1. Let me confirm something: among ALA144, ALA126, ALA175, which residue is touching a helix residue (DSSP H, G or I) at 6+ places or on another chain (Cβ under 7 Å) and modelled with pLDDT of 95 or more?
2. Go through the residues of the range 112-124 one by one and say whether even a single one is within 30 Å of LEU29 (Cα to Cα) and crowded, with 16+ Cβ neighbours inside 10 Å.
Amino acid sequence: MRRLPHDEVSGPEAPSIPAVTEDAPLPELLMTAARTLRRRWGAVLEPHGLTPHQARALRALAASDGLRVSDLAAALRIAPRSATEVADGLEAGDLVVRAADPADRRAVVLRATEQGHAVAQRVERARAEDAEALFDRLDRADRAELARLLRLVADEGPREGGSPQSSSSSRGTTA
């Protein structure tokens, strides 16, 4: 798995990142939690030789009867060129195959192989176990409340008055 410069670094060259404090602003807390999840997700994927994009793509393909690259890109919310690169990596690992689309023989669909399905299941189990370990410090009520709050924060749908909240309105400015 490819490591990025900001991934876990230990020793004297490790960057000094201040600990999260009681008075840390919400955006900092959320970003710290996201970095923790990304680091843990990378550790879960490493034994399987997958990147996060490849794992997401494999999950989507294992749950389908086959997807065109454009449909995979839309499902992952990435550019079709990026989806092609992800598919190439999965194909090189014998986790997916390209086949003619039965509905249009000029088109190609990606399908998870038997090995791809097995890897997707192992990754999903490992991810669920890791999530359970991470969130084990929260009781059931705290988990439900965290899920509720994150859904509210992640929702970009209409606000009171029927229009989506824009970044300018969230800062108290007008257009």
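The values are calculated or read from the model by the stated rules, or taken from the named source; none is laboratory data. Given the structure is predicted, the values throughout are model-derived calculations rather than measurements. Cβ sites come from the backbone with ideal geometry, for glycine too, and all protein chains shown count toward neighbours.
1. Sole residue among the options that is touching a helix residue (DSSP H, G or I) at 6+ places or on another chain (Cβ under 7 Å) and modelled with pLDDT of 95 or more: ALA126.
2. The first filter runs over the range 112-124 and keeps only residues within 30 Å of LEU29 (Cα to Cα), leaving 123-124.
Next cut, crowded, with 16+ Cβ neighbours inside 10 Å only: 123.
Yes, some residue in the range 112-124 is within 30 Å of LEU29 (Cα to Cα) and crowded, with 16+ Cβ neighbours inside 10 Å.
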